[in-house]
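Colleague: Provided herewith is a single structure, encoded as structure tokens, for subsequent inquiry.
The values are calculated or read from the model by the stated rules, or taken from the named source; none is laboratory data. Treat the numbers as computed from the prediction; the structure is a model and nothing was measured. We place every Cβ from the backbone using ideal geometry, glycine too, and count neighbours over all the protein chains shown.
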Amino acid sequence: MERIQQALDKAAKDRAEVRQQSEQGVASDTRPGSDRQDHQSTMSIRYNRTRKIAVSEDTLDRNRLVAAVPNHELGDVYRMLRTRVLQSLRENSWNSLAVTSPATGCGKTLTSINLAISLAMEVVHTVLLVDLDLRRPGIHRFFDYAPEYGLSDYLFNDVPIEEILFTPSIDRLVVLPGRESIRNSSEMLRSPKMVGLVNELKNRYPDRLVVFDLPPILAADDSLAFSPYTDAMLMVAENGATTSEDLDKAIAMLRDTPLIGTVLNKADITGREPYSAGTEKNS
């Protein structure tokens with residue numbers, strides 16, 4: 001509990017600093033182009049060498065990436081989620097969203113991927129899906145892809161981002177995968193190098209939306225550590241498994257972060273919406 005409280009305090013402090021910089025129009029030391037940015041600048045990142053991988057429709061269907069399967073019966077569910085998410089992002093001039101859950105097993109990574117795919121189906125913007133579940137990176141597995149490099153290689157070995165990114169057989173979608181587990185993940189999520197990278201990813205292209213897949217919030221303090229650097233959060237709960245107590249705890253821990261809604265995963269959605277809208281600020 002002490003570690004969680006420390007994470008809460010640190011997240012609140014970081015978010016206040018980010019908000020102050022935004023209001024004053026003063027960028028942080030890790031912003032792209034800052035004279036005070038260290039040698040680990042992300043300004044040199046180029047995306048014209050993004051690796052292209054072929055992903056068959058059978059792979060998409062087998063791994064439940066239903067938003068990319070034509071005429072799938074669940075496609076409308078993610079299109080509905082996409083519409084609600086886009087409304088919130090546009091109303092607030094946001095371009096980044098992090099997805100988390102109270103505990104493991106809720107399906108937040110699958111939700112992140114399908115949401116990113118659905119967002120990429122809109123022709124007015126591109127989408128970058130970032131695997132920030134540093135302890136258990138797994139987005140690449142849903143595409144049956146074994147990356148040579150992952151985010152850990154950028155953070156520790158200075159492997160250029162353009163050598164890590166890949167695009168599946170889905171227009172306008174690019175993925176920044178993980179590879180190896182990182183033990184000190186919460187510290188790395190708010191490290192200067194990570195913050196500089198996040199600023200670069202969010203600000204490089206005006207028509208880009210960024211979706212971050214984060215670990216469960218009650219399992220570790222990673223999501224709290226990263227919360228100041230995303231515009232908003234989306235919570236994924238598991239029908240029949242997530243207790244109201246755990247959901248309330250998870251939402252309370254994000255009290256300083258805009259929560260745009262909650263997705264009820266693994267539910268019988270006949271006759272009801274699997275999404276409930278949140279407020280711009282938690283109370």
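Colleague: What number of residues in the stretch 109-132 are within 13 Å of the chain's Cα centre (by Cα) and at pLDDT below 95?
Modeller: 0
Colleague: Of the residues that sit in the stretch 189-246 and are in contact with an Asp or Glu (Cβ under 7 Å, 6 or more places away or on another chain) and of a type outside the set (D, E, K, R), which one is farthest from R82 (Cα to Cα)?
Modeller: Within the stretch 189-246, the match that is farthest from R82 (Cα to Cα) is P192.
Colleague: Here's another thing I want to ask about it. Let me confirm something: among A237, A250, A241, A225, which residue is crowded, with 22+ Cβ neighbours inside 10 Å, among the aliphatic types (A, V, I, L, M) and in contact with a Cys (Cβ under 8 Å, 6 or more places away or on another chain)?
Modeller: Of A237, A250, A241, A225, the one residue that is crowded, with 22+ Cβ neighbours inside 10 Å, among the aliphatic types (A, V, I, L, M) and in contact with a Cys (Cβ under 8 Å, 6 or more places away or on another chain) is A237.
Colleague: Which condition from (1) at pLDDT below 95; (2) under 18 Å from the mean Cα position of the chain (by Cα); (3) of a type outside the set (G, A, S); (4) not in a helix (DSSP H, G or I) is the one that L224 breaks?
Modeller: Here L224 clears every test but (4).
Colleague: Here are the criteria: (1) under 29 Å from P160 (Cβ atoms); (2) in contact with a Gly (Cβ under 7 Å, 6 or more places away or on another chain). Tell me which single one A241 does not satisfy.
Modeller: (1)
Colleague: List every residue pair whose Cβ atoms sit under 7 Å apart, with the two residues 6 or more apart in sequence or on different chains, where the first one lies in the stretch 167-192 and is over 17 Å from P147 (Cβ atoms) and the second, anywhere, is of a type in the set (S, T, N, Q).
Modeller: Partner pairs satisfying both residue conditions: R172/T126; P192/T30.
Colleague: Does L86 fit the bill of being in a helix (DSSP H, G or I), within 30 Å of L155 (Cα to Cα) and modelled with pLDDT of 95 or more?
Modeller: no
Colleague: Continuing with the same structure: Return the pair list, or none, for Cβ contacts closer than 7 Å from residues in the stretch 42-55 that are hydrophobic (A, V, I, L, M, F, W, C) to residues that are loosely packed, with under 14 Cβ neighbours inside 10 Å and at pLDDT below 50, at least 6 apart or on different chains.
Modeller: From the stretch 42-55, the pairs are M43/G33.
Colleague: May I pose another question? Pick from the stretch 89-140 the residues that are part of a helix (DSSP H, G or I), in contact with a helix residue (DSSP H, G or I) (Cβ under 8 Å, 6 or more places away or on another chain) and not hydroxyl-bearing (S, T, Y): which of them is surrounded by the fewest Cβ atoms within 10 Å (Cβ to Cβ)?
Modeller: L110
Colleague: Would you check if there is a residue in the stretch 101-122 being among the charged types (D, E, K, R), out of contact with any strand residue (DSSP E or B) (no Cβ under 8 Å at 6 or more places or on another chain) and within 12 Å of L173 (Cβ to Cβ)?
Modeller: yes
Colleague: OK, next. Within the stretch 203-221, which residues are over 19 Å from G150 (Cα atoms) and either in contact with a strand residue (DSSP E or B) (Cβ under 7 Å, 6 or more places away or on another chain) or outside any loop (DSSP other than H, G, I, E, B) (or both)?
Modeller: N203, Y205, D207, R208, L209, P216, I217
Colleague: With the structure loaded, tell me whether A146 is assigned to a helix (DSSP H, G or I) and aliphatic (A, V, I, L, M) or whether it fails that test.
Modeller: It is false that A146 is assigned to a helix (DSSP H, G or I) and aliphatic (A, V, I, L, M).
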